[in-house]
Amino acid sequence: GSKVLGAATLHLSQISCAGAELEEGTPGFLPCFGPSFLPFYGPRPDSAGTSSAVAYRGRVLLELSTHMGTPDGRHRDNITPEDIARVQRHLPRHRFGLCGVFYSATMVPAGPELLRFELSLGNYGDTGDVTCKPAASVTAHGCPLFDGNRYHYLPWYGDKPVVAVTSSWEDTSHRWDALNLLRATCRRLVSTRG
């Protein structure tokens, strides 16, 4: 049978506007979104089934537009997995690294279970994911100690855990460069105005 791996939500109130509540009856706009990546999140795979953590499951490039009128009978075909794999090889990609140093872990739950922390970027660094190369993305297991007052902590003392994840993503700098330029221009206009 089929299984839901992740879900995403688009709130209609954030991608459309009725217009009647706006000043002077300004017309609103029909639902529209993107093109933009929509991330999917789902439950973290856990053999015990007790985990309530949420994990990144993937994303889709989505564009939604709404038009009034009758459909013209056009039909769109699905993209085959072979075509997707062929295109993925030619997309420009950049490698990114994320390094984390854990200085302390206080106010952790009491109990005999060993604790560890995991650092991930999407699927990269996720120890339960088999689609990405393994990385040094988790701290060593540690047993929480009582601080003598009311909390528990992990006894790292002078040995601070370091974790690192290397990931590879599509090169979207052409979009970010334009956005950063617009934001810088906006900030400059606002600062010179006042």
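Summary of values
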{"read-out": "Packing-based ranking, highest mean first, of 163-171, 121-129, 176-184, 100-108 given that Cβ atoms within 10 Å are counted", "value": "121-129, 163-171, 100-108, 176-184"}
{"read-out": "Ratio of Rg to Rh over the stretch 92-187 (Cα coordinates, Kirkwood Rh, two decimals)", "value": "1.16"}
{"read-out": "Simple Cβ-charge dipole of the stretch 92-187, Lys/Arg +1 and Asp/Glu -1, about Cα centre, in debye nearest 20", "value": "320 debye"}
{"read-out": "Among Pro109, Thr127, Tyr153 the positive-end extreme of the charge dipole of the stretch 87-180 (Cβ point charges)", "value": "Thr127"}
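No lab work stands behind these numbers, since they all come straight from the coordinates. Only a predicted model underlies this, so the values are computations on that prediction, with no experimental measurement involved. FYI the Cβ positions are ideal-geometry reconstructions off the backbone, even for glycines, and counts take in every protein chain you see.
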